[in-house]
Amino acid sequence: MKLQHTFQLIIALFIMLATVSCETPPASDNSETSARMMPTDEYNYLLESEHLSQMLEKVAGIGEFDYEYAEIQSIIKKSGYGEPVIKGKTDGERIILEAAFPVESGYEKKAKVLSKLASDRIILSGRIKPDRLVGYFKMPGLQSILDTVHDYIDILIENDEGPTGKANPMVQIYGACMMGGVSLQEDVFSWMGDEMGCVLFVARDSEDKDYISCAGALSIKNKKNASDKIYKLMGIAQHLLGSDVDTDEILTVRNYKSFEIHELNMELLGGYQEFADEIGPISPAILYTNDFIFISNNENELEQLADIYDPGGAQDERAAFAAHIDLDALLKYSAVNRRLFIDSLKKEYADSPDDFRKIDELFDKFENLKQNTELGKLKKVVKFTPNAIVLRIEFTKTSLELFEFSMELLSSYLGDNEPADSANDSDNIEEEIKI
């Protein structure tokens, strides 16, 4: 199967169902709710290295990467973290798994560096109105990540494991930025906060139909400082790309309610046409709030994001990496995306009538499985400590069943079967699928 269709399928997997490593808002402290959760080890296998290796092998097959189970197991064992201590709880439908992956001997210095990854309280998930928020994927801020990478490579060099011998490539990156006129500390880190990620929200099209949109998100310390520094960075980029157009023409500013939207005219920058020919046309815009900026290729969607933004929203728990997603909303508002994906997949198998029919049957089965079913919200929170990686995931039994079905469905068509060969296996596909 062509690589572009493989990526379409991976995207479709995300659209159909987020994996069990996603997030819901924190559980209520209500004692009645807590009392219903009973200890269980039924689902602990999900976080054990053997199962993780099996899942990664499937993902590798879907992505056309040549990694086998034994290789993945070897990589996991070399990670520096041991087999997790897992505690599971369930009320019959909702499932919570808490795991600590302990640091192994000899890895202590590296683990201490990783424990410095930012774990400030999650802000953005409380800034978007809940009825329009589909999901949020959070990472530490850029400075935290770059500083961690720099210090981690220093330890690798100390252990004669350096990726480039005795030179730390992060020093070279900092130096190259300075040569280009950019001080990372002054021009970038000075205005960036400690949270960045991607937000999924419900937007509305010109026909008044709801659909899922997304935007990059980055916390900021001061709106004016952020705006001034981005303007400066644009001027530097303009100079490096050989554009003689005035920066004010490339980056225009307008007010929207109490916010600002900055529009970037890429066509006025040097090299745009080659860029557009490679990945398609792009015309990014930036929405400025007091504590976040949002980046999107759709100015209208940024206006809608401004409409649902709440500057006084509550903060969430601490985590270096986190994600949460409302699966029911994801499936509800992505029906058009799934249909387009299925149509493109069927075109790929147009010369294999049996597979053409089987695709219809399997995806119809998927649609039927989710009918009249509440999948709930999924959650992941990851913290790094000097002694362990601490992970908590929350999901539902129904979402797990649907996810496993989705993985088997995709791997059946992407793991070993090309369109020309898939007809030979079509009679056995349903036997391979576990619901």
Go through region 181-191 and give me each residue that's open to solvent by 30 Å² or more (accessible area, probe 1.4 Å) and not hydroxyl-bearing (S, T, Y).
G181, Q185, E186
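Conditions tested, residue by residue: (1) modelled with pLDDT under 95; (2) more than 23 Å from V381 (Cβ to Cβ).
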| residue | (1), (2) |
| --- | --- |
| S21 | yes, no |
| P26 | yes, no |
| A35 | yes, no |
| L52 | yes, no |
| Y67 | yes, yes |
| A70 | yes, yes |
| I76 | yes, no |
| G88 | no, no |
| D91 | yes, no |
In region 302-329, the residues that are more than 26 Å from S119 (Cα to Cα), of a type in the set (D, E) and either at pLDDT 95 or above or part of a loop (DSSP other than H, G, I, E, B) (or both)
E303, D307
Of the residues that sit in region 237-254 and are in a helix (DSSP H, G or I) and open to solvent by 30 Å² or more (accessible area, probe 1.4 Å), which one is farthest from Q185 (Cα to Cα)?
E249
So K166, is it in contact with a strand residue (DSSP E or B) (Cβ under 6 Å, 6 or more places away or on another chain), farther than 23 Å from E301 by Cβ and open to solvent by 50 Å² or more (accessible area, probe 1.4 Å):
no
Among what's in region 202-216 and is open to solvent by less than 50 Å² (accessible area, probe 1.4 Å) and in contact with an Asp or Glu (Cβ under 8 Å, 6 or more places away or on another chain), pick the residue that is nearest to F137 (Cα to Cα).
A215
Pull out all pairs, ordered by first then second residue, where Cβ-Cβ is under 7 Å, the residues are six or more apart or on different chains, the first lies in region 168-189 and is farther than 20 Å from T148 by Cβ, and the second is part of a helix (DSSP H, G or I) and not β-branched (V, I, T).
G180/L240; V182/L233; D187/K229; D187/K232; D187/L233
So, I359, is that one assigned to a helix (DSSP H, G or I), of a type in the set (V, I, T) and crowded, with 19+ Cβ neighbours inside 10 Å or not?
yes
Can you find a residue that is on the phi < 0 side of the Ramachandran plot, part of a helix (DSSP H, G or I), at pLDDT 90 or above and surrounded by 20 or more Cβ atoms within 10 Å (Cβ to Cβ) anywhere in region 270-293?
no
For region 130-175, which positions are basic (K, R) and part of a strand (DSSP E or B)?
K138
Residue in region 73-82 that is among the basic types (K, R) and either farther than 25 Å from F395 by Cβ or under 19 Å from the mean Cα position of the chain (by Cα) (or both) present
yes
Can you tell me which residues in region 115-129 are surrounded by 20 or more Cβ atoms within 10 Å (Cβ to Cβ) and assigned to a helix (DSSP H, G or I)?
L124, S125
Residue check: is I86 in a strand (DSSP E or B), touching a helix residue (DSSP H, G or I) at 6+ places or on another chain (Cβ under 6 Å) and over 17 Å from A322 (Cα atoms)?
yes
Consider region 329-349. How many of its residues are open to solvent by 10 Å² or more (accessible area, probe 1.4 Å), in contact with an Asp or Glu (Cβ under 8 Å, 6 or more places away or on another chain) and over 13 Å from Y211 (Cα atoms)?
1
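The values are calculated or read from the model by the stated rules, or taken from the named source; none is laboratory data. Small disclaimer: the values here were computed from a predicted structure and weren't measured. Methodologically, a virtual Cβ is constructed for each residue, glycine included, from the backbone with ideal geometry; neighbour enumeration extends over all protein chains shown. We work out accessible area using only protein heavy atoms, side chains counted, and drop any ligands, DNA or RNA first. Shrake-Rupley method; radii C 1.70, N 1.55, O 1.52, S 1.80 Å.
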